[in-house]
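Engineer: Please find one structure pasted underneath; my questions will follow.
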Amino acid sequence: MKEVAKIIPDREFREFLDKLAEEVRVWKEKDHMGYVSVTCELAKYLAASAGSDHEMVFTAGQIKQVMDLAK
């Protein structure tokens, strides 16, 4: 049975965001990805758990923090 999706807790989100920030740094510095490419990759990360048994749900503020990494 599929688990009811819950908003990702702040501590877990902070860990997720820190790991993602490092990934974004690599995309920008080593892979030379621009703003649009990074934004697309971030959108894929946010949607990665969609439809899974352990779906992650983000608040609007959390989504903004993730998308701000592209700047």
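Every read-out reported here was derived from the displayed coordinates using simple, explicitly stated rules and does not represent laboratory data. Worth saying up front: this structure is predicted, and the values here are computed from it rather than measured. For neighbour counting, all protein chains shown are included, and Cβ atoms are generated from backbone atoms with ideal geometry for every residue, glycine included.
Engineer: Residues in segment 56-68 that are exposed (fewer than 14 other Cβ atoms within 10 Å of the Cβ) and in a helix (DSSP H, G or I): how many?
Structural biologist: Matching residues across segment 56-68 total 5.
Engineer: Among the residues of segment 11-51, what is the count of those that are in contact with a helix residue (DSSP H, G or I) (Cβ under 8 Å, 6 or more places away or on another chain) and touching a residue at least 40 places away in the same chain (Cβ under 8 Å)?
Structural biologist: 4
Engineer: Has segment 28-45 got any residue that is closer than 25 Å to V4 by Cα, outside any loop (DSSP other than H, G, I, E, B) and either touching a Phe, Trp or Tyr at 6+ places or on another chain (Cβ under 8 Å) or not hydrophobic (A, V, I, L, M, F, W, C) (or both)?
Structural biologist: Yes; the residues of segment 28-45 include at least one that is closer than 25 Å to V4 by Cα, outside any loop (DSSP other than H, G, I, E, B) and either touching a Phe, Trp or Tyr at 6+ places or on another chain (Cβ under 8 Å) or not hydrophobic (A, V, I, L, M, F, W, C) (or both).
Engineer: Under the condition of being more than 10 Å from the chain's Cα centre (by Cα) and of a type in the set (A, V, I, L, M), which residue from segment 38-55 is surrounded by the fewest Cβ atoms within 10 Å (Cβ to Cβ)?
Structural biologist: For segment 38-55, the residue satisfying everything is A50.
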